Amino acid sequence: MKYLFGIVLLICVSCGNKEDVLLPKADATIVKEVVDLSPIYIFFRVKGKDTLAEVNRKNSIITTNWILNIDRRLPLRLVIPEVMKLQQKKREEKEHRNELALNYYSYADSIGKNLAFIPFTEVYYKLEKPKKGLVVFFSKKGKITVNNEEVSKQDLQKIINKSNTDSKKVIYCFDKNSSYGSYIQSKVFLYSVTIKNEVYEEFVY
């Protein structure tokens, strides 16, 4: 089942019809296999001068793992509100709730040449600026700033380690105009960074 899903998804991505989803690409695999799943698609659409995010969750089953296949061209300002709606629906489900059912983003591992997944079940999104904490901001141009000072990827862990010592909460923030593709690349990178937050929030503004 898991291998069949990967093949079908790649066909959907590569075929030339209007249902194409161009998946993000990253250079590492966080999760390689997911079973008992339901695919959800967020398509890139253009209407006149407007870019739209069109959600198709017809095949989603609340008790399964949800795989969100999202077009990498979409900006976060359109993607994240739709993701928040989906999260809320699953979190508020009472009658058929399955505590083991997780949510994943799908992407293509350009190094391993395989379909990959990154979990986001425990992420709580906020569409605003954080009011306190150590603010790690990923800009639309791919730069990383910590409290408005630009830093390198190599130095980020050292800064976060110092913040943990000072009991400052680390807050990950993303430019709302960044592409979803660059967001996933940042998420994959952040799996190499260790933080000690009990509640995981992400701010998009």
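The values are calculated or read from the model by the stated rules, or taken from the named source; none is laboratory data. Note that this is a predicted model, so its numbers are computed, not measured. Ideal geometry is used to build each Cβ from the backbone, glycine not excepted, and the neighbour counts take in all protein chains shown.
The set of residues from the stretch 173-186 being surrounded by 21 or more Cβ atoms within 10 Å (Cβ to Cβ) and either on the phi > 0 side of the Ramachandran plot or in a strand (DSSP E or B) (or both) comprises CYS173, PHE174. SER14 - would you say it is of a type outside the set (Lys, Arg), at pLDDT below 85 and in the same structural domain as GLU82 (by TED's automatic domain parsing)? Yes; evaluated as a whole, the condition is true for this residue.
Within the stretch 98-114, restricting attention to residues that are under 15 Å from the mean Cα position of the chain (by Cα) and either assigned to a strand (DSSP E or B) or not assigned by TED's automatic domain parsing to the domain that holds ASP27 (or both), the residue that is farthest from SER38 (Cα to Cα) is ASP109.
Please go through the stretch 131-140 and give me each residue that is over 21 Å from ASN177 (Cα atoms) and assigned to a strand (DSSP E or B), ordered by number. So that I can check it myself, show each step before the final result.
Within the stretch 131-140, the subset over 21 Å from ASN177 (Cα atoms) is 132-134.
Hit for the stretch 131-140 is LEU134, nothing else.
If you scan the stretch 149-172, which residues turn out to be farther than 28 Å from GLY112 by Cα and either modelled with pLDDT of 95 or more or in a helix (DSSP H, G or I) (or both)? Even if it seems obvious, please write down each step before you answer.
Start the filter on the stretch 149-172 by keeping residues that are farther than 28 Å from GLY112 by Cα, which leaves 149-151, 158-171.
Once the filter is applied, which keeps residues that are farther than 28 Å from GLY112 by Cα and either modelled with pLDDT of 95 or more or in a helix (DSSP H, G or I) (or both), the stretch 149-172 yields GLU149, GLU150, VAL151, LYS158, ILE159, ILE160, ASN161, LYS162, SER163, ASN164, THR165.
Quick check, is GLU128 assigned to a loop (DSSP other than H, G, I, E, B) and modelled with pLDDT under 95? Considered against the rule, which asks whether it is assigned to a loop (DSSP other than H, G, I, E, B) and modelled with pLDDT under 95, GLU128 comes out as no. In the set (1) assigned to a helix (DSSP H, G or I); (2) at pLDDT 95 or above; (3) surrounded by fewer than 12 Cβ atoms within 10 Å (Cβ to Cβ), the condition left unmet by PHE189 is number (3).
Checked against (1) more than 29 Å from CYS173 (Cβ to Cβ); (2) touching a residue at least 40 places away in the same chain (Cβ under 8 Å); (3) aliphatic (A, V, I, L, M), ILE62 passes all but condition (2).
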